[in-house]
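Chemist: What follows is a single structure, and I will ask about it in a moment.
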Amino acid sequence: MSKTNGSFMRALCMGKIAEDIIFPYPKMKTDEKETLKTIFSSFSSWLKGKDSDFRKWDKQGEMPKEFLQEMKEFGLFSFIVPEEFGGLGLSVTGYSRVLQELSRYEASVAITAGAHSSIGMKGLILFGTDEQKKKYLPKLATGEMVACFCLTEPSAGSDAAGIKCKAVREGDSWVLNGEKIWITNGGLADFFTVFARTDSPEGQITAFIVTREMAGVSTGPHEDKMGLRASSTVTVSFENVRVPNDHVLGEVGKGFKVAMKILNSGRSGLGGGCIGGMKRAIALSTHQAKSRQQFGKPIADFGLVKQKIGHMVVECYATESVVNLVAGLVDQGHEDYAVEAAISKVFGTECLWRTLDEALQIAGGGGYMCELPYERMLRDARINRIYEGTNDILRLFIALTAMHDVGQQLKELAGSLGKVFLDPIKGFGIFSDYAKKQVSLTTGLGKATFTMAHPSLKEETEIFEECAKDLASFADRILRKHGKKIVDLQFPTRRLADAMIDLFALACVISRVTSSIEEKGPEKAAKEKEILHVFAGQVRRRVKSNFGKIDENDDEQIISLADYALETEGFGWDNL
Ligand SMILES: Cc1cc2nc3c(=O)[nH]c(=O)nc-3n(C[C@H](O)[C@H](O)[C@H](O)COP(=O)(O)OP(=O)(O)OC[C@H]3O[C@@H](n4cnc5c(N)ncnc54)[C@H](O)[C@@H]3O)c2cc1C
């Protein structure tokens with residue numbers, strides 16, 4: 001039987017558990033595992049013991065040129081370049097695992113390698129012509145060329161479609177003008193994937209390959225920033241840059257799609273980085289908890305310390321389950337994974353943040369000192385919730401995609417609802433009363449069941465099924481309650497997104513634990529079952545709480561308080 005080539009979460013929101021998408025839990029290929037072991041042993045001999053250098057470079061806000069050269073020699077720019085072009089040709093799963101390993105040593109190193117592969121040159125791999133690939137991929141594999149991704153502008157961050165950087169066609173080339181800000185690797189790069197406005201019948205935005213030697217390309221000074229300080233972040237400017245027509249990446253006018261596809265497919269790398277950070281934090285915290293004595297015993301003996309460590313383990317396992325499952329879907333050729341990839345980004349970056357915060361707490365005052373790695377890890381991790389789509393925007397994307405699907409079932413509305421997907425934030429104004437009624441009928445019918453999970457996981461799969469049923473009626477109830485106002489009401493949208501995020505993570509953990517029980521036997525998988533049990537309980541409580549707030553909430557008061565603060569631009573109750 002062939003697998004469903006669709007989205008697990010989009011199906012779930014319509015009341016169906018498409019379990020053949022997430023079962024069996026994906027596995028890394030044996031030969032790739034061997035390759036990774038060799039790579040990791042070379043990382044270990046190279047990077048282990050370099051922590052004082054990393055701390056120094058964090059303070060200086062830059063990594064030395066010699067180290068960048070070492071990164072090239074150790075193949076850090078070759079991971080995803082196909083073998084025929086001189087790269088390692090790793091799968092998405094393998095690549096994510098490599099970034100996990102690098103992140104256990106140092107986040108600035110991981111982001112320099114990651115931005116090059118995940119976003120800098122990903123467009124070339126996904127959309128490049130044979131000529132473009134032949135010309136650039138061999139140089140990108142060796143690091144002779146470093147790549148970066150240029151989308152953000154001073155007036156266009158989350159609203160990426162609002163970019164002003166402009167390319168005008170002149171004969172068989174384009175003249176590019178504009179400025180991009182906060183570009184990772186921009187200061188090192190020779191290869192720039194650039195998005196520019198090309199208002200034309202074909203579409204508004206086009207992606208281009210720009211190279212440093214083109215006249216009119218310049219980069220600004222290294223930004224002084226909170227974290228990832230040793231990585232390069234700069235402004236990139238284009239002044240009358242003549243870009244040949246054969247440097248268009250993908251189709252003219254389809255650049256927004258190119259950008260979104262790059263960001264979606266790059267998320268497994270970022271997820272791998274989150275897992276690496278969490279595993280390092282768990283190693284540091286367990287060591288610290290056992291060696292630090294207070295009140296005559298190791299702090300590891302205290303319940304509140306154990307509670308933190310236990311939660312770290314659950315969140316790390318859940319993140320790893322999500323990230324690897326999404327990477328596996330991409331490797332298997334699934335096309336419709338954007339919602340799941342967005343979920344993996346939001347879930348992983350927030351688990352990492354909580355884990356690092358708790359790790360610092362376990363380290364006490366020492367955790368606050370720059371001599372130990374905790375504060376740097378926390379600073380480095382903060383950006384993850386902001387870049388590659390803020391977690392807020394991704395939550396809107398996750399929930400509004402689900403609501404779009406619900407509406408899509410209504411044939412009469414199919415045409416106009418298409419706009420919601422293109423512009424999920426603005427497009428909801430079109431819901432009519434008729435639509436609301438129809439949506440009520442279409443959803444809320446979920447009779448979804450899990451059949452492929454291990455039978456011993458009945459309790460947890462029942463939790464999933466129960467919450468999934470609620471989810472299928474969630475969008476319906478929100479729409480019935482709020483109708484076309486939903487676009488302005490982000491609180492319920494966020495609740496739907498949070499429920500979807502939790503449920504996808506739970507589905508991934510169920511799939512992974514099933515495969516562990518089948519492979520290792522119930523005894524060896526007992527601890528993983530415990531993790532699942534704890535996580536399923538957490539998910540049930542959070543999902544119920546989110547659903548409960550559809551009717552009972554303090555949203556209006558919160559908005560009123562925010563409006564008051566916005567009006568007065570401050571806190572209105574100073575006691576002096
Ligand atoms: C260290 C670093 C590296 C970066 N690297 C790159 C890179 O390599 N390439 C690149 O192109 N960009 C890069 N960026 C830019 C990054 O992607 C943007 O910062 C990000 O997309 C958010 O845009 P913004 O900062 O303009 O925030 P804004 O869009 O101004 O958002 C500010 C806040 O408002 C919220 N918000 C905005 N719109 C809505 C809405 N409709 N509903 C609810 N909330 C909303 C956001 O969630 C956020 O919390 C980098 C940024 C940093 C700091």
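Chemist: Round to the nearest 10 and report in Å² the accessible area of residue 334, as given by a 1.4 Å probe over the protein chains' heavy atoms.
Modeler: 10 Å²
Chemist: If you don't mind, another one. Mind pulling up the Rg/Rh value for the chain? Radius of gyration and Kirkwood radius, both on Cα.
Modeler: 0.97
Chemist: Using a 1.4 Å probe and counting only protein heavy atoms, arrange 558, 262 so the residue with the most accessible area comes first. Don't jump to the answer; show the numbers that get you there.
Modeler: Working: 558 80, 262 0 Å².
Ranked from most to least accessible, the order is 558, 262.
Chemist: Ok, one more. For Cα pairs less than 8 Å apart in space and 6+ apart in sequence, what is the mean separation divided by the residue count of the chain, i.e. the relative contact order in percent?
Modeler: 15 percent
Chemist: Looking at the chain, send over the antiparallel percent of its DSSP beta bridges, to the nearest 5.
Modeler: Of those bridges, close to 85 percent are antiparallel.
Chemist: Next question. What are the ³J(HN,Hα) couplings of the range 398-403, residue after residue, when phi is run through the Karplus curve with 6.51, -1.76, 1.60 and θ = phi - 60°? Round to Hz, x for glycine and proline.
Modeler: 4, 6, 6, 5, 4, 5
Chemist: From the residues 374, 325, 288, which one has its Cα farthest along the dipole of the range 279-390 in the positive direction, the dipole being from +1 and -1 charges on Cβ of Lys/Arg and Asp/Glu about the Cα centre?
Modeler: Projecting each Cα onto the dipole axis, the largest value belongs to 288.
Chemist: Which value, in Å² and to the nearest 10, is the accessible area of residue 37 when all protein chains are kept and the probe is 1.4 Å?
Modeler: In the full protein context, residue 37 sits at about 120 Å².
Chemist: Here's a follow-up. Any of 27/48; 72/122; 180/254; 27/135; 37/279 with alpha carbons more than 25 Å apart? Name them for me.
Modeler: Correct reply: 27/48; 27/135.
Chemist: Another question about this same structure. When all protein chains stay in place, what accessible area (Å², nearest 10, 1.4 Å probe) is found for residue 40?
Modeler: About 30 Å², ignoring ligands and nucleic acids.
Chemist: Let me ask something else. Given the C-alpha centroids of the range 334-401 and the range 125-190, what is the distance between them in whole angstrom?
Modeler: When both Cα centres are located, 26 Å separates them.
Chemist: Something else about it: Given charges of +1 on the Cβ of Lys and Arg and -1 on the Cβ of Asp and Glu, with all other atoms neutral, how large is the dipole of the chain about its Cα centre, in debye to the nearest 20?
Modeler: 800 debye
Chemist: For the chain, what is the accessible area per residue in Å², given a 1.4 Å probe and the full set of protein chains?
Modeler: I get 45 Å² per residue for the chain.
Chemist: Taking K and R as +1 and D and E as -1, what net charge do the other residues with C-beta under 12 Å from the C-beta of residue 266 add up to?
Modeler: +3
The values are calculated or read from the model by the stated rules, or taken from the named source; none is laboratory data. As the structure is a computational prediction, the values presented were derived from the model and not from experiment. Please note: Cβ atoms are built from the backbone with ideal geometry, for glycine as well, and neighbour counts cover all protein chains shown. Side chains are part of the model used for accessible areas, which takes the heavy atoms of the whole protein and leaves out ligands, DNA and RNA. Shrake-Rupley method; radii C 1.70, N 1.55, O 1.52, S 1.80 Å.
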